[in-house]
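Please treat every number below as a calculation from the coordinates, not as lab data. Since we're looking at a predicted model, the values are computed, not measured. Because the Cβ atoms are built from the backbone with ideal geometry, glycine has one as well, and the counts that use them run over all protein chains shown.
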């Protein structure tokens, strides 16, 4: 746990949504009585926190913003690619569009 949180804490302060998700992930381990029942949710949260931390530190800012908005705040639907309003999607679309010529 020390290694994991040491890694994700490298991005702490860069995005308030990630900061809250890191805190929630740490808090998930305070109730050890029900940890087995919550194991899949906790593991999923850890994966999302790590992904967000890596994107914030090493990815394109628009991609990191969209990821945090759609995966850390709960503002997404069940369909793949559902995003909340207000994101700068042009750089994401540009990166995914094949360049001809």
What's the number of the condition residue 40 fails, among (1) exposed (fewer than 13 other Cβ atoms within 10 Å of the Cβ); (2) farther than 27 Å from residue 7 by Cα? (2)
Only one of 47, 64, 52, 25 is part of a helix (DSSP H, G or I), free of Cβ contacts under 8 Å to residues at least 40 places away in the same chain and touching a helix residue (DSSP H, G or I) at 6+ places or on another chain (Cβ under 9 Å). Can you tell me which? 25
Does at least one position in region 78-86 carry a residue that is surrounded by 14 or more Cβ atoms within 10 Å (Cβ to Cβ), without any contact (Cβ under 8 Å) to a residue 24 or more places away in the chain and part of a helix (DSSP H, G or I)? no
